[in-house]
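The values are calculated or read from the model by the stated rules, or taken from the named source; none is laboratory data. Just so we're clear, the structure is a prediction, and the values are computed from it rather than from any experiment. Positions of Cβ are generated from backbone atoms using ideal geometry, with glycine treated the same way; all protein chains shown enter the neighbour counts. Quick note on the areas: whole protein, heavy atoms, side chains included, nothing else; ligands and nucleic acids left out. Shrake-Rupley method; radii C 1.70, N 1.55, O 1.52, S 1.80 Å.
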Amino acid sequence: MVSTRADLADLEAFVAIARAGGFRKAAVIRGVSGSALSHSIRGLENRLGVRLFHRTSRSISLTAAGEVLLAELEPRFLGIQAAIDLLDSFRSGPSGRVRVNTLRDAAQLLVAPRMPSFRRSYPDVEIEISVDDRFIDMVAEGFDAGIRYGGTVPEGMIASRLTPELEWVVVGSPAYLNERGRPERPTDLLKHECIRIRTGTDRVYKWELGNGDRMVTLDVPGLLTLGDSELSIRMAEEGCGLFYCLRARVEDKLAAGALEVVLPDWTSQGPGFHAYYVSHRQVPSALRTFLDHLKAPISYDDGELSKRP
């Protein structure tokens, strides 16, 4: 019968490997070597007298025995975490580590403005933020939550809205527009140089102008395709073409006159930022507190912005 501390650690490692789908990914998440995890599982299998994983040079999968063991163990380990989270009521505040993967736009507009007040309010919570527009396997990479636009949350995840809808606009520099002319209707964009967007799914994004039945979707032309909003905005400022982006990302440029909104009657409302996490997991108190903080309005009292994006 499994009862030693080493056995429990190996069982936890087994669950981590099964969740991550591989020894290498689980090793990265746990901060150990893949060979150490492989040694642990071999020892566990020898003690239990059953094989838990089918292994090939390229992949692993659970055996029938492994599937049964995972189904029994996972809710129990989650229950342990939930029990530990209950102790927060006896502390001065939540504690623990939170790992979040987020879009660059959300990092700039949502996370960065709220991080100083969160650190002051919850000094015992350790936060790790990974900024990446590419879609990744959040669970396999060991993240507790991700932040994406609503409508792009991976299937099977629980989504939680963090912001209201966001406004999208087409912008250009006055110099570019004075030289090339100002579009009067969406189809005029097809005659312009546009800075195209490569999304985290590795596809070139079609620009959406207007709302509802009035929405027009255009596959705009352009010799410049970029995958970073900050660089694209800089290129638009330099007169390299028109760019389609969140209005909140360029408010300062618009106020300064470095950029201007093109086709102001054709701005578009899109889904706000959403957090997402695994549906069958108990949400740790530190993560829940962090996400709640992202939803809260920002006040001048913090020396930060006064409103949400």
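Solvent-accessible surface of the chain, taken per residue with a 1.4 Å probe and all protein chains present: 53 Å². Centroid-to-centroid, using Cα positions, segment 51-83 and segment 198-232 are 42 Å apart. For percent of Cα pairs over 37 Å apart, the candidate list reads (1) 25; (2) 20; (3) 32; the entry that matches the value derived from this model is (3).
Subtracting the Cα-Cα distance of Arg134 and Leu8 from their residue separation scaled by 0.36 nm leaves 41.8 nm. Shown are Lys253, Lys191, Lys206, whose ranking by accessible area with a 1.4 Å probe and every protein chain present, most to least, is Lys191, Lys206, Lys253. Computed over the chain with a Gaussian network model linking Cα atoms closer than 10 Å, the most mobile of Val153, Val50, Val98 is Val50. Annotation for segment 90-160: GluC sites (Glu not before Pro) lying in DSSP loop with at most 12 further Cβ atoms inside 10 Å of their Cβ are Glu155. Using C-alpha pairs below 8 Å separated by at least 6 residues, the relative contact order for the chain is 22 percent. Each of Ala236, Leu223, Gly212 was placed along the dipole of segment 188-296 (beta-carbon charges, centred on the mean Cα), and the one lying farthest toward the positive end is Gly212. Accessible area per residue was computed with a 1.4 Å probe on protein heavy atoms; Ile197 scores about 30 Å².
When you count the other C-beta atoms within 10 angstrom of each residue and take the mean per peptide, 171-184, 57-70 line up highest first as 171-184, 57-70.
Rolling a 1.4 Å probe over the protein chains gives Arg196 an accessible area of about 60 Å².
When the residues Glu208, Glu45, Glu251 are ordered by accessible surface, computed with a 1.4 Å probe over the protein chains alone, the sequence from largest down reads Glu251, Glu208, Glu45.
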